[in-house]
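**Student:** Sharing a structure, written as structure tokens. Questions coming.
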Amino acid sequence: MAGVILGARYGRACVVGVCGGIAGGEAWRTILFVSSIPALIGILVRFYVPESPFYLNKQGRSDEARAVLQRMARENGSSAVIGPLEPDHREKKSIFALFSPALRRRSALLFGAWFTISLSYYGVFVYLPVRLSSEGFGFVRGQLFLVAVALVQLPGYALAAYGVEKWGRKPTLIGFLLLSAAGCLVYSLGQTSLIVVGATLLMSFALLGTWAGVYAFTPEVYPTTLRASGMGTAGAMARLGGLLAPSLVAPMMTTDFTLALLVLSGFLVAAAACVSFIDVETRNMALE
């Protein structure tokens, strides 16, 4: 299960999940090769993506900023002429500004949400399949099931994309987190194939919707001068959660399956609580 879900995010999880369902000792090499293709395409595309006009103007490169804005106008079918820009030399802020009095609360809660989401994500999609396989549900690591699990992610992403605009960033994200927590507990209802399949598909749908929501929400809670730093720090917290998952989740999965499910579900509920206490909802809000 882990391979298809994590393939676009983390190569290691891809190896763990898919190799059990693809015959041949070289399967992991093929998987990693295919997974690297989007990254190579991204490098090539980067040469054709212009720098942000905001950044260029702040660096005193106003003519370049104006050229980018003019290109944007032309590509959008506008005949507007962008006039000369006044350089905007704003004060550079350090990463510690994320914890200034005005931003301290939202940063702490947001980073806590990223940490617990990542911890739960790895616990569900990396260590849970191993436990289920040992209990006789080897199909969770088979190719056909992995395809089904991946396909269920698409409506999850689509619903999250609709929800963040229709209902708001926070309600959508909280809803997906609570649904993920409920899905995690479904595994504890019994050891049958129907429950395992249903819970796995539900978790794939809900957790991937969660990621879509948190990626949309996070950059918007910070002013422009701190947006990249805020997003980068949030990503670092997610990596920390992934690093700690082996030492926290794996032992519980081995010794007490029910306790592990309760803990993972609790992490997801805690992430929902963090989001609910963030002091801003960015839907329809004009960004700085």
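**Student:** Just want the ordering: Val214, Val280, from fewest to most Cβ atoms lying within 10 Å of their own Cβ.
**Tutor:** Val280, Val214
**Student:** Got the relative contact order for segment 97-277 handy, in percent, Cα pairs under 8 Å and 6 or more residues apart?
**Tutor:** 42
**Student:** Ala228 to Val280: extension gain in nm, 0.36 nm per residue of separation minus the Cα-Cα distance? List each step's numbers first, then the result.
**Tutor:** Values: separation 52, 0.36 × 52 = 18.72 nm, distance 1.81 nm.
Value of the extension gain: 16.9 nm.
**Student:** Further question: Need one number: nm distance between label points at Ser79 and Tyr215, each 7 Å from Cα along Cα→Cβ, rounded to one decimal.
**Tutor:** Between Ser79 and Tyr215, the label points sit 3.9 nm apart.
**Student:** In addition: For segment 245-254, just list the computed ³J(HN,Hα) in residue order, Karplus coefficients 6.51, -1.76 and 1.60, θ = phi - 60°, integers in Hz, with x standing in for Gly and Pro.
**Tutor:** For segment 245-254, the Karplus curve yields 4, x, 7, 9, 8, 4, x, 5, 4, 7 Hz.
**Student:** Please give every one of the lysines within straight-line cross-link reach of Lys93, meaning a C-alpha to C-alpha distance under 17 Å, and leave out same-chain neighbours fewer than 8 residues apart.
**Tutor:** Lys58
**Student:** Looking only at Ser62, Ser118, Ser204, which one moves most when the chain is put into a Gaussian network model with springs between Cα atoms under 10 Å?
**Tutor:** The residue with the greatest mean-square fluctuation here is Ser62.
**Student:** Neighbour counts of other C-beta atoms within 10 Å: give me Trp114, Trp167 arranged from fewest to most.
**Tutor:** Least to most surrounded, the residues fall as Trp167, Trp114.
**Student:** Report ³J(HN,Hα) in whole Hz for each residue of segment 154-169, in order, from the Karplus equation J = 6.51 cos²θ - 1.76 cosθ + 1.60 where θ = phi - 60°; Gly and Pro get x.
**Tutor:** 4, x, x, 4, 5, 5, 5, 4, 6, x, 5, 8, 7, 9, x, 5
**Student:** At a threshold of 8 angstrom on Cα-Cα distance, excluding pairs fewer than six apart, so keeping six or more, what relative contact order does segment 51-90 reach in percent?
**Tutor:** About 49 percent, as a whole number.
**Student:** Can you sort Phe137, Phe176 so the residue with the fewest Cβ neighbours within 10 Å comes first? Mind showing how you got there, number by number?
**Tutor:** Working: Phe137 19, Phe176 28.
Fewest to most other Cβ atoms nearby, the residues stand as Phe137, Phe176.
**Student:** Oh, and also: Over what distance in Å are the Cα centres of segment 99-113 and segment 41-88 separated?
**Tutor:** Centre-to-centre distance over Cα atoms comes out at 32 Å.
**Student:** Could I ask something else about it? Provide the FRET efficiency to the nearest 0.05 for the Leu194-Phe96 pair, computing r from the beta carbons and using R0 = 51 Å.
**Tutor:** 0.50
**Student:** If you wrap a convex hull around the alpha carbons of segment 51-90, what volume per residue comes out, as a whole number of Å³?
**Tutor:** Looking at segment 51-90, the number lands at 54 Å³ per residue.
**Student:** Moving to a separate point now. Packing-wise, with mean Cβ within 10 Å as the measure, how do 177-186, 230-239 rank, highest first? Intermediate values should be presented prior to the final figure.
**Tutor:** On the way: 177-186: 21.6, 230-239: 17.9.
Highest to lowest by the protection proxy: 177-186, 230-239.
**Student:** Once you have the alpha carbon radius of gyration of the chain, what is it after dividing by 2.2 N^0.38 Å, with N set to its residue count?
**Tutor:** 1.14
**Student:** Next question. Based on the Cα atoms of segment 221-288, what semi-axes does the equivalent ellipsoid have, where each is the square root of 5 times one gyration tensor eigenvalue, given in whole Å with the largest first?
**Tutor:** Working: eigenvalues 210, 50, 7 Å².
Values for segment 221-288, descending: 32, 16, 6 Å.
Bear in mind these aren't lab numbers, they're just calculated from the coordinates by the rules spelled out. Predicted model only: the values in this text are computed from it and were never measured. Please note: Cβ atoms are built from the backbone with ideal geometry, for glycine as well, and neighbour counts cover all protein chains shown.
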